[in-house]
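I have placed the structure first, in the form of structure tokens, so that the comments after it can refer back to it.
The values are calculated or read from the model by the stated rules, or taken from the named source; none is laboratory data. Computed from a predicted structure; not experimentally measured. Counting neighbours? That spans all protein chains shown, and the Cβs are built from the backbone with ideal geometry, glycine included. Just the protein is used for accessible areas: all its heavy atoms, side chains included, with ligands, DNA and RNA removed. Shrake-Rupley method; radii C 1.70, N 1.55, O 1.52, S 1.80 Å.
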Amino acid sequence: MSFIQMNVPLVFWGRRPPSHKIMCICRSEERKGVATGSQSGQICLWDVYRDHQSEKIKLRPRCLLFGGISAIKSLCFVKTFSGDRDRIASLSEKGTVSVWDGKDGACLKYIVIPGSHTGIKALSRTKYSETLLVLYGRYSSIHILDAISLDTLCVLRSSCKPNWNAQISFLISPEKKDHLLSLTVEGVAKMWLLPTRNEMKELGEMSEEKTTNLSIQCPVHMTSSSHGGYSTTLIVCSEVWQIYNTTNGHVKLLMIRAREESVTSWAAGEFIDYQTILVWDKGSGRGYVYRLSARCVPGLSESDDSLDDSNTAGCSLVYTLAPPQATPNSSHLQLAAYMDHTWCCQGDHTGRLYLWNIQRLRQEPPLSHSHVSIPPDAHACVGDSWQPPAQPCGLTDMLYPPSMYTNPPTLTCAVYLAAYGRLVCGQEDGSIAVLSATQAATVLMLQPRKFCRGWPQYCILKGHRNRVNHLLYPSAHSSAYHSDYLLSGGADFTVKLWDLFHGDLIHTFAVHGGGVKNIVTCPPEINPRLQTCVCSIAEDYSVAILSTSERKCLLVAAVHSSPVRDVAWRLRQDFLLVSCTDGKLYVWQIETGSLDRCVEGETAKLVLSGAQDTSSSKTSLSSSTSFPLQVRSLQAGEGDSLIQVLVFDPQSLINRLGKMDNMAEKGVAQPKKQADAFRTWLSARRNFGAGAGPGGVGMDPARRRTSAPAVVFEGGQRRRGGGDQGNTRPETERAREVLGQAVASQNKIEQLQEEAPVTTLNIVRLLLSCLHAWSLDQDLDRDCEEVLGLVRPSRPVSFGLLSKGQCLSLVLPGWNLKPHPTTDDQSNISPMAPKSEETSPPPPYEATPAEESSITSLQRQDSSPSSGFSFDKKYHIRWQLSRSLTTQHLLTMVTLPPSSSLVLICFFTSFP
């Protein structure tokens with residue numbers, strides 16, 4: 001587990017599912033699952049299993065992998081021969097090659113390879129017990145990579161008619177040496193001999209052995225099949241597909257088949273077996289299964305002579321794979337097959353995945369039909385995890401009345417102030433919510449208790465007339481900025497400067513002619529006048545430098561011909577460099593505000609090489625390791641609401657709790673300022689609980705969601721908000737005022753300082769309450785509640801893994817509703833294999849109808865004060881989701897925290 005960080009992510013998915021436009025497909029585990037890559041850069045792992053009651057194949061999304069923002073162009077399955085679990089290799093649009101664990105989804109290794117790549121394939125060779133990765137694209141060479149370390153073993157060069165490689169395939173021979181077949185964009189086939197891994201590493205470079213001109217235009221897919229020492233290759237073009245005999249390094253045409261009248265264009269194809277092929281239609285998403293005659297299969301016919309190009313006989317259409325709802329413009333399709341038990345998958349831009357059992361396609365069709373239409377055996381999409389009785393929620397759900405609880409505003413941007421424990425969220429309606437992340441997560445995930453009355457504390461800033469596109473807290477990047485300032489850029493063409501802790505709108509910058517999409521800070525080494533300035537980028541291709549101290553605009557650059565990609569600085573020359581998507585680079589003089597020059601090509605790269613970019617303004621988890629809690633905001637697709645991930649740092653929590661223990665042993669009191677604020681906070685809590693106002697333990701959950709104290713600032717004017725204000729008693733309102741003043745006195749300080757001790761203890765309580773295995777030991781549960789102050793969760797918790805490159809593997813909602821657990825020790829029995837009494841494993845735990853009904857009814861109760869989620873055997877499959885996830889949680893429970901610190905938790909929870 002060296003590739004997995006010990007930080008514990010806790011996921012709040014929100015009320016709406018993320019989009020997942022499928023671009024590529026491969027299998028994720030040997031005989032167990034499927035992986036899909038999306039247009040927005042995420043990878044989804046799906047479980048394929050058999051329902052033991054209905055004997056039907058089921059398909060369910062399990063987890064979503066976040067590793068980049070560029071589209072996933074290709075995926076391939078990497079089989080390991082060393083005993084480790086199988087892996088997935090991915091290729092992104094920006095040239096990043098990553099290797100993922102096929103079960104946990106953790107990133108094991110990644111590397112960025114320059115070049116315009118189009119695909120990556122894995123070559124598994126059982127006779128050598130090795131797996132190689134082959135990378136190709138819009139260049140004449142082919143790169144052979146090690147599947148474990150991603151080191152380049154060999155480069156295949158083209159010496160005759162070099163051109164871009166459109167498609168590649170492998171010719172595997174059990175006795176002879178293997179070959180790699182490449183097809184260029186001009187239709188020229190090239191063949192390389194593939195020696196062993198060590199021989200490739202010694203050679204370094206190899207040239208092709210044979211070149212054949214096939215005169216094929218625009219090939220879209222190529223695959224090969226080997227049987228009995230013979231090799232057959234299928235080449236798919238948009239209008240036709242062709243069969244070639246590629247045995248012994250020779251390429252001979254056997255058959256050409258034009259597309260059917262109902263087919264728009266061919267997209268991809270695969271061999272089901274050596275005599276059956278499957279070709280996909282890009283327009284409708286349908287699959288066409290053809291049975292080849294014996295003369296089109298090398299080794300079955302008496303003569304291996306090639307046929308005439310005009311001869312289209314030799315195959316017959318036997319089956320049609322028809323999705324229930326055929327959608328146009330289907331994405332790249334790929335068959336997932338292994339050994340003698342296979343399935344095929346098809347996905348499209350809507351995010352729905354279809355699965356067919358290949359065993360049926362090997363059977364002879366009825367003689368009375370020319371071909372049979374077969375519906376999919378299973379289909380699913382990511383949104384299925386949001387169907388009842390699943391209960392995904394977002395951190396800001398409880399800030400709204402019950403009428404908006406099921407459909408809250410879309411979160412468009414967010415920034416987390418780790419030093420204050422506050423999360424600032426921009427929303428689709430133009431408002432900005434500021435709330436305590438720990439309090440919001442506690443109220444949403446744990447059963448209600450007295451200590452969380454009035455939680456979460458929050459305020460709403462209203463000033464934008466349209467969507468908030470970007471938020472920036474500049475003091476987190478440089479000490480030159482005022483610690484109270486918050487900047488927001490909206491779709492209403494304005495940039496607003498806020499006093500975050502008082503809720504005042506200080507100034508509005510209206511200098512752009514389009515929506516503001518990004519705001520970055522200036523480098524700390526810039527001249528003193530610009531150290532308190534920020535740079536805003538708008539959708540009208542303009543860039544502005546805004547001064548937060550002088551409250552005015554110093555520069556507007558608005559002559560760019562295409563959208564702005566990024567900005568950089570040449571500090572010595574006092575230049576602002578604006579890089580655009582069309583490759584042009586604009587050089588602006590900051591002092592005079594005039595355009596110095598516009599360059600492109602190699603000159604632009606040379607100018608940018610000596611510039612300082614804005615990467616220092618992008619926060620990361622690694623730069624804030626001193627805080628016990630971080631909040632990462634992720635977006636799966638354009639227009640989707642943000643996914644909030646709370647990342648707990650156990651080591652930071654241990655350090656802080658250790659300091660608290662030392663201070664308690666030495667009798668050292670807290671600073672007077674924090675102590676006074678804390679005493680005022682406790683007094684406000686006692687007064688707040690004295691009256692029968694909102695937030696009481698016995699009230700209705702729908703009203704309890706709106707009972708948190710809030711302050712709404714509209715255009716800089718203060719207005720009280722939140723809760724049923726018409727029913728609020730005067731003493732409750734006065735208690736809220738005292739509570740707000742106490743919080744303000746604690747947070748309104750000149751410099752960023754550590755949070756109060758009670759905040760650290762609240763974080764520990766939330767983390768341990770979610771990690772503890774409830775209902776396994778009743779005595780231990782009672783001690784955890786009465787002695788340690790832990791609280792049972794009120795809903796299933798979605799966890800994740802943080803791995804290399806800050807990549808996240810997040811468990812999707814509904815993981816507790818799967819009919820049977822998926823363990824790492826489960827035998828590799830294909831869900832397509834026929835049921836056998838001798839070889840079938842014992843049936844796993846199945847919930848009875850009464851248990852199913854009980855679980856459903858309990859989950860639909862939204863954080864009921866009297867009862868929480870039912871922690872039965874079905875919930876405890878959480879411990880069987882992943883070995884790495886279970887190990888991480890157990891280590892966190894063992895090491896965190898010291899017993900004396902847990903006594904402090906019990907002390908704070910004893911207050912009414």
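To the nearest 0.05, how large is the calculated FRET efficiency for Thr895 and Leu606 if R₀ is 35 Å and r is the Cβ-Cβ distance?
0.10
Once you've got the Cα coordinates, tell me which of Lys79/Lys201; Lys79/Lys804; Lys109/Lys210; Lys32/Lys73; Lys127/Lys282 are over 30 Å apart. Could you put the intermediate results ahead of the total?
Numbers: Lys79/Lys201 20 Å; Lys79/Lys804 21 Å; Lys109/Lys210 35 Å; Lys32/Lys73 23 Å; Lys127/Lys282 37 Å.
Checking Cα-Cα distances, Lys109/Lys210; Lys127/Lys282 exceed 30 Å.
Using the Karplus curve 6.51 cos²θ - 1.76 cosθ + 1.60 with θ = phi - 60°, work out ³J(HN,Hα) for each residue of segment 122-132 in order, rounded to whole Hz, and write x for Gly and Pro.
Listing the rounded values in order: 10, 10, 9, 10, 5, 5, 9, 6, 8, 10, 10 Hz.
If you average the C-alpha positions of segment 788-813 and of segment 124-202 separately, how far apart do those two centres end up, in angstrom?
41
Calculate the spin-label point distance for Asp779 paired with Lys94, positioning each point 7 Å from the Cα along the beta-carbon direction, and give it in nanometres.
5.5
Would you list Ser140, Ser38 from the most to the least accessible area, probe 1.4 Å? Working shown, then result.
Working: Ser140 45, Ser38 0 Å².
The ranking, largest first, comes out as Ser140, Ser38.
Test of the criteria: in segment 483-562, which GluC sites (Glu not before Pro) are in a DSSP loop and have at most 13 other Cβ atoms within 10 angstrom of their Cβ?
Glu525, Glu550
Between segment 762-784 and segment 95-122, how many Å separate their Cα centres?
38
Whenever you get a sec, line up Asp499, Asp384, Asp783 from highest to lowest accessible area (probe 1.4 Å, protein heavy atoms).
So, going from the largest accessible area down, we get Asp783, Asp384, Asp499.
Just the accessible area per residue of segment 213-309, please: how many Å² with a 1.4 Å probe?
About 39 Å² of surface per residue is accessible.
Which stretch or stretches of segment 111-131 have amide N atoms under 20 Å from the point lying 7 Å from Ser70's Cα along the Cα→Cβ direction?
Counting backbone N atoms under 20 Å from the label point, the list is 111-122.
Once fully extended, how much extra length lies between His371 and Glu786, figured as 0.36 nm per residue of separation less the alpha-carbon to alpha-carbon distance?
Length gained, His371 through Glu786: 142.6 nm.
How much of Cys296 can a 1.4 Å solvent probe reach, expressed as accessible area in Å² and rounded to 10?
Estimated to the nearest 10 Å², Cys296 gives 0 Å².
Taking 0.36 nm per residue of sequence separation and subtracting the Cα-Cα distance, how much length would be gained by fully extending the chain between Glu186 and Phe81, in nm to one decimal? Mind showing how you got there, number by number?
On the way: separation 105, 0.36 × 105 = 37.80 nm, distance 3.73 nm.
The Glu186-Phe81 span can extend by a further 34.1 nm.
In nm, to one decimal, how far is the Cys598 label point from the Thr886 one, both placed 7 Å along Cα→Cβ?
6.2
Leaving ligands and nucleic acids out of the surface, order Glu270, Glu785, Glu261, Glu591 by accessible area at 1.4 Å, largest first.
Order by accessible area, largest first: Glu261, Glu591, Glu785, Glu270.
Where a ≥ b ≥ c are the square roots of the eigenvalues of the C-alpha gyration tensor, would you call segment 79-167 rounded, which needs a/c under 1.5, or, failing that, prolate if a/b is larger than b/c, or oblate?
oblate
Under a plain spin-label model, where a point goes 7 Å from the Cα along Cα-to-Cβ, how far apart in nm are Thr211 and Thr264?
3.7
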